Amino acid sequence: MASADAGTCPWDALPLHLQERILSLLPITELLPVAAVSRAFHRLLRSPTFHALLSPHRLDAFFLLSPRLAVHPLSRRVRTMPAFAALSPPSYPLVSSPSPSLLITCASLQFLPPIPDGAYLLSAIVPSGGSSTSCTLVAVITGAAARSYTLDTGDPSPQWASRGDLPLSLTLLENAAVSGDRSKLFVLGRGPEALLVFHLVTGTWEVLPVVMPQGLTTAHLFLFDGSLFLVGGMESFGVVDRVVVWRLDDDKAEEVWWREVSVMPTEVFDELLAGRFGRFWHFQAADRLGIVCLYNAVDRRLVMFDAADGMWTVLPRLSALDACESFRWFGHVLEPGVEILMGLR
């Protein structure tokens, strides 16, 4: 390098395939300013061979707050997302898939058979390596006659197929975490508390033999690095007094249990409560690739947990945001795709 011509940029001396490899390690949103450096960068970022190298970055996701606003963990701020402007009411999300992200809205359901009577959507699963325009939808009926249904939106003549009955009479099924191979769902059951698994290939359900944490109120399941996690509020005298993260562990005797791995620090918990001590009982949660955002919609407070390092972060407070609107939209996450790079001018 010391003997290189002063007018020569060492980057230009690299073969194109190495330049593509290096830039593919950056989050997509961080690539946007790179396009303005030169015409060569601009061409590279629009290249299909470069796009084939890209993969989702853990921090480069958008946790939706409204049709146009989202929390961006990478920049630690709320960003305006013009690309999402078409997602406007009444087409708010009902369910969304894990990576690659796909939102199922009221508008998208208009082109599908009606959901079976009494059922509600539980999850959307995009097949591994599949198109992000089609998915498998899972719908359930809870209560005494608990049962499930699936529908493949990519089928030329999609129909709801009846699958296995739930093994328990449950009041509610909360969020579902999709396994990495897309073969099963881990589902949190409430009333009574239970951890269930739905096998997508066979359409059967099972209840895992694990005791759920006592005093659990608001709760959210998520998967990271092959492990299942649970984040939830712990109740004392009718109010949430702390937030805990557990990981599902097992041993050679095939016993499973929830191991406590993190407790929200006091200063972070105080921010989430927004001073409503003794009157706080609910928060919303959303996750993507081990990043979990917790949202107090009433007071517009956000905090973040990173399962990779166990760190908690207080995010900037929100203002001028409609609480009802954000309540509908939060819980759904979008990833920036190559269409952002293709839109470069």
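So which residues in segment 27-45 are under 27 Å from the mean Cα position of the chain (by Cα) and in contact (Cβ under 8 Å) with a residue 24 or more places away in the chain, if there are any at all?
Result: PRO27, ILE28, THR29, GLU30, LEU31, LEU32, LEU45.
Determine which member of the set PHE41, PHE62 is under 30 Å from ILE104 (Cβ atoms) and either open to solvent by less than 20 Å² (accessible area, probe 1.4 Å) or of a type in the set (A, V, I, L, M, F, W, C) (or both).
Sole residue among the options that is under 30 Å from ILE104 (Cβ atoms) and either open to solvent by less than 20 Å² (accessible area, probe 1.4 Å) or of a type in the set (A, V, I, L, M, F, W, C) (or both): PHE62.
I'd like the full set of residues that are in a strand (DSSP E or B) and without any contact (Cβ under 8 Å) to a residue 24 or more places away in the chain, limited to segment 311-326.
If the condition is that a residue be in a strand (DSSP E or B) and without any contact (Cβ under 8 Å) to a residue 24 or more places away in the chain, then MET311 is the only one that fits.
Determine which single condition VAL298 fails, assuming it passes every other condition in (1) part of a strand (DSSP E or B); (2) among the aliphatic types (A, V, I, L, M); (3) within 22 Å of CYS324 (Cα to Cα).
(1) is the only condition that VAL298 fails.
Scanning segment 101-126 for residues that are touching a strand residue (DSSP E or B) at 6+ places or on another chain (Cβ under 9 Å) and loosely packed, with under 14 Cβ neighbours inside 10 Å, which turns out farthest from PHE198 (Cα to Cα)?
Out of the qualifying residues, it is CYS106.
Would you confirm whether any residue within segment 22-32 is surrounded by 15 or more Cβ atoms within 10 Å (Cβ to Cβ), at pLDDT 90 or above and assigned to a loop (DSSP other than H, G, I, E, B)?
yes
Within segment 270-289, track down each residue that is touching a Ser or Thr at 6+ places or on another chain (Cβ under 6 Å) and open to solvent by 10 Å² or more (accessible area, probe 1.4 Å).
Within segment 270-289, just HIS282 meets the criteria.
Does PRO113 count as out of contact with any Ser or Thr (no Cβ under 7 Å at 6 or more places or on another chain), under 22 Å from GLY290 (Cα atoms) and modelled with pLDDT of 85 or more?
no
Scan SER169, SER134, SER148 and give me the residue that is farther than 20 Å from SER99 by Cβ, surrounded by 14 or more Cβ atoms within 10 Å (Cβ to Cβ) and either of a type in the set (D, E, K, R) or more than 16 Å from the chain's Cα centre (by Cα) (or both).
SER148
With respect to LEU334, is the statement that it is among the hydrophobic types (A, V, I, L, M, F, W, C), under 21 Å from ARG279 (Cα atoms) and in contact (Cβ under 8 Å) with a residue 60 or more places away in the chain true?
No: the conditions fail for LEU334.
When you scan segment 212-225, do you find a residue that is open to solvent by 20 Å² or more (accessible area, probe 1.4 Å), under 18 Å from ARG288 (Cβ atoms) and out of contact with any strand residue (DSSP E or B) (no Cβ under 6 Å at 6 or more places or on another chain), even just one?
Checked segment 212-225: at least one residue is open to solvent by 20 Å² or more (accessible area, probe 1.4 Å), under 18 Å from ARG288 (Cβ atoms) and out of contact with any strand residue (DSSP E or B) (no Cβ under 6 Å at 6 or more places or on another chain).
Here is a list: VAL245, VAL292, VAL261. Which entry is open to solvent by 60 Å² or more (accessible area, probe 1.4 Å) and modelled with pLDDT of 95 or more?
When all the criteria are applied, what remains is VAL261.
Going by what's in this entry, would VAL210 be described as among the hydrophobic types (A, V, I, L, M, F, W, C) and in contact (Cβ under 8 Å) with a residue 24 or more places away in the chain?
So VAL210 passes the test.
Please specify each residue of segment 78-110 satisfying the condition of being over 24 Å from LEU59 (Cα atoms) and either modelled with pLDDT of 85 or more or part of a helix (DSSP H, G or I) (or both).
Those that are over 24 Å from LEU59 (Cα atoms) and either modelled with pLDDT of 85 or more or part of a helix (DSSP H, G or I) (or both): THR105, CYS106, ALA107, SER108, LEU109, GLN110.
The values are calculated or read from the model by the stated rules, or taken from the named source; none is laboratory data. The structure displayed is predicted, hence computed values, not measured ones. As a convention, Cβ positions derive from the backbone with ideal geometry for all residues, glycine included, and neighbour counts pool all protein chains shown. Note: accessible area is taken over every heavy atom of the protein model, side chains too, but ligands, DNA and RNA are not part of it. Shrake-Rupley method; radii C 1.70, N 1.55, O 1.52, S 1.80 Å.
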